[in-house]
Structure formats: structure tokens, C-alpha cells
1. Suppose R0 equals 51 Å; then what is the FRET efficiency for residue 222 and residue 127 from their Cβ-Cβ distance, rounded to the nearest 0.05?
2. Can you give me the long-range amide H partners of residue 316? Hydrogens built in the peptide plane at 1.01 Å from N, cutoff under 5 Å, separation of 5 or more residues or another chain.
3. What distance in nm separates the two pseudo spin-label positions at residue 252 and residue 30, each 7 Å out from Cα along the beta-carbon direction?
4. Along the Cα→Cβ direction, 7 angstrom out, place labels at residue 365 and residue 331. What is the inter-label distance in nm?
5. Could you state the orientation-averaged shadow area of the convex hull built on the Cα atoms of segment 216-291, in nm² to one decimal?
6. If you project the alpha carbons of segment 70-226 onto the principal axes, what extent comes out on each, in Å, largest first?
7. In the chain, what percentage of the DSSP-assigned beta bridges are antiparallel, given to the nearest 5?
8. Where the Cα atoms of the chain are projected onto their three principal axes, how long is each span, largest first, in whole Å?
Amino acid sequence: MRIEQIEIRELAMPLVVPFETSFGREDVRQTIVVAARSEGLVGWGEAATSAGPWYEYETVETCWHVLVEFMAPLILGQEIAEPLACAAMLAPVRGHHLAKMGLESAIWDLLGQSENRSVAQMLGGSRERVAVGVSVGIQDSVPSLLDCIGEYWETGYRRIKIKIRPGWDVQVVSQVRERFGDIPLMADANSAYTLRDAGVLAALDGYELMMIEQPLAYDDLLDHADLQRQLRTPTCLDESISSLAAARAGLRLGSCRIINIKPGRVGGLTAAKAIHDLCRQQGVPVWCGGMLETGIGRAHNVALASLPGFTLPGDISASSRYFHQDVVDPQFDINSDSTITVPTGPGIGVKVLVDRLDAVTRRRVVIER
Ligand code: NPQ
Ligand code: MG
């Protein structure tokens, strides 16, 4: 198909509750969605940016700039027959992975619709439902964290991830274990520790966590390898796995035993699938991370998580975990078995509610040749 038009929107979506991690706190999701048009069809993608460069270096402004000035011109007017061709056209751009995902995933949706195939099918997905968990932000006190976890457990989430940082770690994990017993539990540090904290992290070994996610610096595979040798608990890398090459290096070095794949962080669904394939070959479990996406990015994540190597529950919660009202119909709901159903319709398989999108759009640009 010849890509006739690309539309980029910046959204501001209020979160149901503020989300706090070791790198900060957010109460409004500032993100970008991309629409690609051809032959009367519209494909939707999301660049799950945020206002500041805290999780990774991109921001709403850098994504906007790179999408408008550099990525859209590489794709507009081009004949694209398969997603791989789109990834190849965007390959000259180094970095800016969230922006790349925004545009590449819009093309996946568009091609899926034209071929009458779901994104999950196109990727090689084999599951009808994907196992999910919930990521619980840092709270003001341990009792409120315990209440929060209790509510999510009641809602049906059967894997709990808590965020940790120095001063909010061993004590907290210990009290969660005391209250909830041996539930599937993991901890995500978002790079808040250094190797000097190996003692604290080793103290977590007593609590049978499924994994400790990204304890050390976002760009340090060597220190993670040192740390993993000192821990019984598997480490999982998130921020550090910015590409297929980083995944190869991390596995070769022994920096982790599990990988969190976020298609945005690695630069698109094509790269995400390549990392999945590599890990599957090596028997390394993967799971799909989340970046508080709207229903558009969420749909792409669900499609990805339907691949056979995603053997651990993903951070793909229901729309209602984050938003009062999502921008897609139907919204994503959690099933009673802690899964989310993979849409089977063409493309992302959910309808984008343009009126709803208009209501949360801060700026919009339409690019045509
Ligand atoms: C993680 N996500 O696994 C990320 C962190 C993350 C669900 O824990 C705005 C506010 C954007 C918070 C992107 C989860 C964010 C954000 C990513 C948190 O590390
Ligand atoms: Mg993480």
C-alpha cells in the first residue's frame, strides 16, 4: 500500500491514580498516537513517551520532532507491502525507539486491516488469551500499599509487581509476604541501586521473588552480570535491553535470566519479535512490559504477548487500571483467570474512538506529500 497520510497527535490522559516509581511520579499520561492512512484505511500506533527523559531519554518533544521531521518523510508516499519493509525504511534513524514504535505499529495495524489479519496473527501469535499482572507504584505507606495490592488481587490480578527503591525494599517485600503469603510477586527498581547495594538486593533472596527487575543502571550490562552472580533470585532486564544487540550482549554476559520486552523501548514490533525469537532459542523466558499505554499501544502489546515465548505474565493490565475511559472500543478487561483476551479482528482488532481521542488531544499535525 502507498502511505498517503500520516497524522500525529499529542495526548494528555489523566491517570486514575498517580503512578510513582523510583524515577518519579506522574498523574497525567502525556503520550503520542500516530495514524497512517492508505486506500481508505487508517492504522493506529502509539509512541508511549512521557513529558520528561526519566524512564529513557525520549520525551514528547523529541518524539514529535523526530516523527514529523525525519520519520514521516521516510514513510510517506512509499509503497509498503509488509511490516519488515517499514522497519527497514526507518532503520537509518538511530535511537528514538518510542517514536519508531509509534509509526511502525501504525503501519502494522494498517497492513493487518488490508490483509484482514490481526497484528497477533501477523506476528505469529499462538494464544487466545495472555496472562497478565499488575504493576503497583510506590505508596505513601506500607499499609496503603497492602490495601492497594489487596484491591488488585480482588480484581483478579494474579501476579503482583511492586516498585522498589532504597528505603522502600526489604521491609516492604517482607510485609507483603507476611500479609499475602506466597503469591507470585516481583520487584522493579527502575535502576535505583548500584553494585554497592548488592547486600540489600541479596537480602531479597529470602523472599522467593519471581525476579528483580532492572536493579542497576540503565546502560550497565557488566554490573548486572556481577550482581546476577551474587543473587539466587533471577534478575530481569528492562531499561538495559534497548535493542536486539543489547539482548544478545546481556544474555552472553549473564546480566539477566529473564527479559522484559517492550516494543517501544526496542524500536518496534519487528525488533521485539527478533528479541523474542532469540530468547526462545536460548530458553530464556520473556514477558511483555507496559508503559501505561492507551488502548492503542495496549492492543499492540497484547498482540505481541500472544507469541509462544511470552511464558510469564505481562504488565498489560486492563484499561481501567490506568484510565477512567480508554480511547478504544471495546476497552481491555481482565478475565477471571488473570488474562486478557487477544482481539481477533483485523489489525489491532479494536475500534479507535476518534471523538474520545479528540477530547484528549493537545495538538495534532497531518502530514501529506
Ligand atoms: C517499568 N512500567 O516496567 C515501567 C515504567 C514506566 C508498568 O511498571 C509514565 C509514568 C510513563 C510511569 C513509562 C510499569 C511510564 C511510567 C514506564 C513508568 O519499568
Ligand atoms: Mg521496569
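1. Details: r = 35 Å, r/R0 = 0.69.
Taking R0 as 51 Å, the efficiency between residue 222 and residue 127 is 0.90.
2. Counting only residues 5 or more places away or on other chains, the set is 133.
3. Calculated label separation equals 3.8 nm.
4. That separation, rounded to one decimal, is 3.2 nm.
5. Averaged projected area of segment 216-291's Cα convex hull equals 4.5 nm².
6. Ordered largest first, segment 70-226 gives principal extents of 58, 37, 27 Å.
7. Working: 34 of 53 bridges.
The antiparallel proportion sits near 65 percent.
8. On the principal axes, the chain reaches 58, 41, 36 Å in Cα extent.
Just so you know, all these numbers are worked out from the coordinates, no wet-lab data involved. From a predicted model like this one, the values you see are computed outputs, not experimental measurements. Using ideal geometry, Cβ is built from the backbone for each residue, glycine included, and neighbour counts are taken over all protein chains shown.
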